[in-house]
Structures are given as structure tokens and as C-alpha cells.
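Take a look at the structure below.
The values are calculated or read from the model by the stated rules, or taken from the named source; none is laboratory data. Computed from a predicted structure; not experimentally measured. Counting neighbours? That spans all protein chains shown, and the Cβs are built from the backbone with ideal geometry, glycine included.
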Amino acid sequence: MAEDGMSETGETVEMGAVRRSVLLPVAVEAVWAALTDAGHLSAWLGGDVDLEAFPGGQIVVRENGRLRRGVIVDLEPLRHLEIRWLPPSRRVGFLWGPDDDPAGSAGEVEFRLEPVEAQGAYRPRTRLTVIERAPSGHPAGRPDALAKA
């Protein structure tokens, strides 16, 4: 374990969250496109994804007969995307108003992108940090899937 609490693989475990960080050999624009395109995001989340990539937009993931719904709560192009999962009883998520089962009560996933300066020959690279806060039973994301996008 490194001094900063991060393992050699770039994964840390916080109370109720898993944080993964990976250095990808592509420009931040390519990583962002993979996160905001439903076809590419399917590789990360598993299953088929329908995505409305704007704050308040909905996301639906269909995998192995299961259906997960969420809401995009934050989106800053080329920098940040945050999804809060809805409880199974909810069909649509909102960002406002009182709620007995608010968005996020079934977990959330946050993607943070940071361009990394190349040393020597120019090769764009991006540090992707993923923070997952989810109850057991939700599949974890797969950082290697985005590296192939």
C-alpha cells in the first residue's frame, strides 16, 4: 500500500465507497466521449444503456433481465459525470423536491477526468477516477473497458 492509502492498482476503499484511478493512454476528449455515449458506457456499466447526457437526464441500464434506472445529477464536459441510481420502485428520477426514496438511495457512481501532461514525446493521457457508492448487489464498473474504447 502506498503512502497515500492507494494500492498499486489505483484502488482505495473508503467508508461505503470504492475509488479507482487509472491512467489511460488517450486524450480526455476520447474518455469523455466514451462516458457520454450510450454504446461505450455499456462497456463500463454492463448491459444495454439508454442515456440522456445532461443534468437531470435519465439513464437506464438493462442487464441479465435486470433494469437499473438513474438520474444524471452533475455533468461538467470533459471533467465530471455523476449518476445517482434510483430504488427499484422508481421509474424516473428528479433533482429537486422532497422524496421518500431520493435519487442516490440505491447508490451512485462518479467519474472524474483529469488531463495528464506527457513527459517527452507528446502522447495524450487522462487520469480517470471512478468513485462508486452502491449497496451490495450492484455490479462494479470495469476500468479496463474504457481503456479499450
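Each residue in region 39-73 was checked for being more than 13 Å from V109 (Cβ to Cβ) and in a helix (DSSP H, G or I), and 4 of them qualify. Scanning region 30-80 for residues that are in contact (Cβ under 8 Å) with a residue 60 or more places away in the chain and among the basic types (K, R) returns a single hit, R68.
Is one or more of the residues making up region 75-85 at pLDDT below 85, touching a His at 6+ places or on another chain (Cβ under 9 Å) and buried (at least 17 other Cβ atoms within 10 Å of the Cβ)?
Taking region 75-85 and keeping what is at pLDDT below 85, we get none.
Taking every residue of region 75-85 in turn, none turns out to be at pLDDT below 85, touching a His at 6+ places or on another chain (Cβ under 9 Å) and buried (at least 17 other Cβ atoms within 10 Å of the Cβ).
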